[in-house]
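Working notes for the structure below.
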Amino acid sequence: MSSHRIEIRVKPRPGLLNPEGKAIHHALVSLGWTGVEDVRVGKVMYLDLDAPSPEAAVEAVEAMCRKLLANPVTEDYEVSVVGEAEVVG
Amino acid sequence: MRVAVVTFPGSNCDYDLYKAVQLVGGEPTFVWHRDRQLAGYDAVMLPGGFSYGDYLRAGAIARMSPIMDDVVAFAHRGGPVLGICNGFQILCEAGLLPGALVRNASLRFESKDVHIRVERADTLFTSDYDHGRVLRIPIAHGEGNYEAGEATLEQLEGDGRVAFRYVSADGEVTEAANPNGSWHNIAGIVNDRGNVLGMMPHPERATEAILGSTDGLGLFTSMLRSLAPAAA
């Protein structure tokens with residue numbers, strides 16, 4: 001077993017209103033970045049997990065996403081291994 | 001009517017709900033979310049609040065509480081379950097009701113009186129109201145924007161499962177009357193069996209004249225009458 005650092009990107013479903021993104025979009029445009037066409041805000045989570053392999057770690061985290069970490073009605077998710085877990089200060 | 005008012009860390013409308021049940025002659029009991037004791041109750045109510053600080057998503061952590069397995073089983077047996085505000089969010093997260101409640105389109109926490117129209121007067125929660133009656137009831141939420149996939153929404157509308165809709169004071173469904181951006185101005189829905197109701201507005205805060213409105217009282221009297229026909 002080794003510890004894997006997993007990155008989970010929870011993204012708002014396309015087509016659904018994303019009020020945070022809309023507010024940030026307005027702020028950027030008002031600051032002069034008039035070329036910004038759209039902003040959508042999601043979440044990134046990092047998780048350290050003991051698993052026999054990176055594939056097993058991803059499989060476990062995908063199950064966590066289905067059960068808890070993402071809402072299937074409004075969010076999509078992507079899971080990837082970003083390296084060995086380490087203690088960060 | 002013996003009612004279990006389930007409390008989670010961060011519930012804050014539990015006492016209001018308790019009082020509302022008492023006011024109509026029901027017998028409320030607080031049930032802590034770790035105490036898995038729902039036997040002997042006629043109805044379960046999930047109060048408003050900010051369970052677990054709304055971390056992750058509103059209702060997402062509370063939905064994993066030990067008692068929620070019992071609430072789901074209670075609902076599947078046909079037991080009446082009412083979720084108000086955070087309680088509605090928890091019911092959606094738990095899969096007892098379809099859809100999800102996301103950030104208000106205004107991005108503001110909306111705390112004010114709104115008007116909602118009774119779309120279903122034939123449920124055990126609403127039988128004391130006339131169909132189409134407009135109620136004035138407060139809302140207080142940041143995540144009350146009801147979203148569901150197109151197919152789910154069509155099914156809800158097709159089956160007539162929208163219980164309450166945000167309307168103007170004269171009962172019209174308008175964009176201006178929608179406080180949070182909910183699809184089709186949805187303020188409350190029931191499950192397919194009609195024994196689970198989730199709603200964002202707070203009927204328990206509109207049960208005495210001193211609170212500014214008594215329009216929410218009908219919900220509790222409806223439940224009392226539906227659940228205790230012999231005593232009514």
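The values are calculated or read from the model by the stated rules, or taken from the named source; none is laboratory data. Note that this is a predicted model, so its numbers are computed, not measured. With ideal geometry, Cβ positions are generated from the backbone for all residues, glycine too; neighbour counts draw on all protein chains shown. Note: areas computed on protein heavy atoms with side chains; ligands, DNA, RNA excluded. Shrake-Rupley method; radii C 1.70, N 1.55, O 1.52, S 1.80 Å.
Values as computed for the structure displayed
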quantity: Max mean-square fluctuation residue, GNM over chain A, Cα-Cα springs under 10 Å, options A:78, A:20, A:59; calculated: A:20
quantity: Solvent-accessible area lost in complex, 50 Å² minimum, residues of segment B:37-68 relative to chain alone, 1.4 Å; calculated: B:56, B:57, B:64
quantity: Candidates A:39, A:79, A:58: whichever shows maximal mean-square fluctuation once chain A is modelled as a Gaussian network with Cα springs under 10 Å; calculated: A:39
quantity: Between segment B:143-176 and segment B:84-130, the Cα center-to-center distance that results, in Å; calculated: 10
quantity: Heavy-atom accessible area order for B:128, A:48, B:215, largest first, 1.4 Å probe; calculated: A:48, B:128, B:215
quantity: Accessible surface buried upon B-A contact (total; probe 1.4 Å; Å², nearest 100); calculated: 1300
quantity: Size of charge dipole - chain B - debye, nearest 20, with Cβ of Lys, Arg +1 and Asp, Glu -1, no other charges; calculated: 400
quantity: Where labels lie 7 Å past Cα in the beta-carbon direction, separation of residue B:122 and residue B:29 in nm; calculated: 3.5
quantity: Inter-probe distance in nm under a simple model that places probes 7 Å from Cα toward Cβ, at residue A:60 and residue B:73; calculated: 2.9
quantity: Residue B:109 versus residue B:19: modelled label distance in nm, points set 7 Å from Cα along the beta carbon direction; calculated: 2.0
quantity: Size of electric dipole in segment A:2-84: Cβ of Lys, Arg +1 and of Asp, Glu -1, about Cα centre, debye, nearest 20; calculated: 380
quantity: Nearest-ten-degree value, helix A:19-30 long axis tilted from longest Cα axis of chain A; calculated: 50
quantity: Solvent-accessible area per residue for segment B:114-220 (1.4 angstrom probe, square angstrom); calculated: 37
quantity: Which of B:184, B:141 is most accessible, then next, and so on - probe 1.4 Å; calculated: B:184, B:141
quantity: For A:68-76, mean number of other protein chain Cβ atoms within 10 Å; calculated: 6
quantity: Percent carbon-and-sulfur accessible area, segment A:2-84, ignoring ligands, DNA and RNA, probe 1.4 Å; calculated: 57
quantity: 27 Å Cα-Cα reach of residue B:112 towards lysines, excluding residues that sit fewer than 8 places from it in its own chain; calculated: A:22, B:19
quantity: Under-5 Å amide H pairs with residue B:172, H placed in peptide plane, nonlocal only; calculated: none
quantity: With DNA, RNA and ligands ignored, accessible area of residue B:112 (1.4 Å probe; Å², nearest 10); calculated: 90
quantity: Phi to ³J(HN,Hα) by Karplus 6.51 cos²θ - 1.76 cosθ + 1.60 over segment B:59-72, Hz, x for Gly, Pro; calculated: x, 5, 7, 4, 4, 8, 4, x, 5, 5, 4, 6, 5, 4
quantity: Accessible surface of chain B [probe 1.4 Å, protein heavy atoms]: carbon and sulfur percent; calculated: 48
